[in-house]
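The values are calculated or read from the model by the stated rules, or taken from the named source; none is laboratory data. Note that the coordinates shown come from a computational prediction; the quantities given were computed from them, not determined experimentally. Reconstructed Cβ throughout: ideal geometry from the backbone, glycine too, with neighbour counts over all protein chains shown. Side chains included, ligands, DNA and RNA excluded: accessible areas come from the protein's heavy atoms. Shrake-Rupley method; radii C 1.70, N 1.55, O 1.52, S 1.80 Å.
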Amino acid sequence: QVQVVESGGGLVQAGGSLRLSCAASGSEFSIYAIGWFRQAPGKEREGVSCFSSSGGNAIYGDSVKGRFTISRDNAKNTVYLQMLRLKPEDTAVYYCAADTSPRCSGTWYIRGWYEYWGQGTQVTVSS
């Protein structure tokens with residue numbers, strides 16, 4: 001089994017930055033592709049980014065491309081999401097999830113690919 005924990009959320013003004021962390025334990029974190037999702041109240045969960053365990057490029061949703069960067073440190077069992085130039089519409093609970101394979105799917109943004117989910121961390125961007 002795998003336990004996934006997100007951290008780093010908080011309150012930030014529009015145009016500011018935050019870095020989220022996704023830490024895993026209980027298994028070999030490095031073998032899983034990792035996705036970031038977000039969900040605002042009353043809205044569908046939205047794919048933000050995906051990063052393969054090896055041999056693949058990072059993938060980003062159109063709404064965050066050019067502003068967010070995903071990276072991973074396998075030695076620390078941690079994946080990071082660096083968020084720059086934040087907008088009020090980025091406000092959501094952000095979730096980290098481990099895929100069922102080491103590579104991001106061509107439809108990486110579909111929730112059913114991911115087996116292990118964290119509890120979420122709140123990001124609030126004020127105007």
Next on the checklist: Can you tell me which of (1) within 11 Å of the chain's Cα centre (by Cα); (2) of a type outside the set (A, V, I, L, M); (3) surrounded by fewer than 18 Cβ atoms within 10 Å (Cβ to Cβ) is the one THR121 doesn't meet?
Outcome noted: (3)
Next on the checklist: With the requirement that a residue be in contact with a Lys or Arg (Cβ under 7 Å, 6 or more places away or on another chain), part of a loop (DSSP other than H, G, I, E, B), closer than 17 Å to THR78 by Cα and not aliphatic (A, V, I, L, M), what does the range 1-43 give you?
Outcome noted: GLY8
Next on the checklist: With the requirement that a residue be in contact with a helix residue (DSSP H, G or I) (Cβ under 7 Å, 6 or more places away or on another chain) and open to solvent by less than 50 Å² (accessible area, probe 1.4 Å), what does the range 89-107 give you?
Outcome noted: ASP99, SER105
Checklist outcome for this item: Within the range 44-88, of all residues that are part of a strand (DSSP E or B) and among the small types (Gly, Ala, Ser), the one most open to solvent (accessible area, probe 1.4 Å) is SER71
Next on the checklist: Filter the range 71-127 down to the residues that are out of contact with any Gly (no Cβ under 6 Å at 6 or more places or on another chain), aliphatic (A, V, I, L, M) and within 16 Å of ALA14 (Cβ to Cβ) and list them by number.
Outcome noted: MET83, LEU84, ALA92, VAL125
Checklist entry - Does the range 34-42 contain at least one residue that is open to solvent by 40 Å² or more (accessible area, probe 1.4 Å) and of a type in the set (Lys, Arg)? => result no
